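Just below is one structure, and these are the notes that go with it.
The values are calculated or read from the model by the stated rules, or taken from the named source; none is laboratory data. This one's a predicted model, so the numbers in the text were calculated from it and none came from an experiment. When the accessible area is computed, the model is the full protein with side chains, heavy atoms only, and any ligands, DNA or RNA have been set aside. Shrake-Rupley method; radii C 1.70, N 1.55, O 1.52, S 1.80 Å.
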Amino acid sequence: VTVEGEVDPETGYVVDLRRLKELAEERVVRDLDHRNLNRDVPWLTGVNPTTENVVVGIWRRLVEALPPGVRLVRLVLWETPRNFVEYAGE
């Protein structure tokens, strides 16, 4: 997950990495981990769960949950050690 935005002068962060990790866990990992993507993930209903389609779904889940002023720039989703997708938005 790559984000950009103004650095908060108080914290020194664009977004606190702990909060970013929590968002990814809450909005993505909990839904996908050890699940059948064809049956168990409501936000993938009716979608062929290719790596490309899954990364687009993840993008949508994260972009709507980021704090104001924080922009999602890029996602990298690894399917296997040799197969991955990079996505830079819609």
- Query: Per the helix-only calculation at 222 nm, which mean residue ellipticity applies to the chain, given -39500 (n - 2.57) for every DSSP H run of n ≥ 4 and division by its residues, nearest 500 deg cm²/dmol?
  - Reply: -7000 deg cm²/dmol
- Karplus-derived HN-Hα couplings along region 59-67 (A = 6.51, B = -1.76, C = 1.60, θ = phi - 60°), whole Hz, x at Gly and Pro: 3, 4, 5, 7, 4, 7, 10, 6, x
- Ignoring ligands, DNA and RNA, what percent of the accessible area of the chain is carbon or sulfur (1.4 Å)? 48 percent
- Kirkwood hydrodynamic radius of the chain, Cα pairs, Å: 14.0 Å
- Solvent-accessible area per residue, Å², over region 49-90 with all protein chains present [probe radius 1.4 Å]: 63 Å²
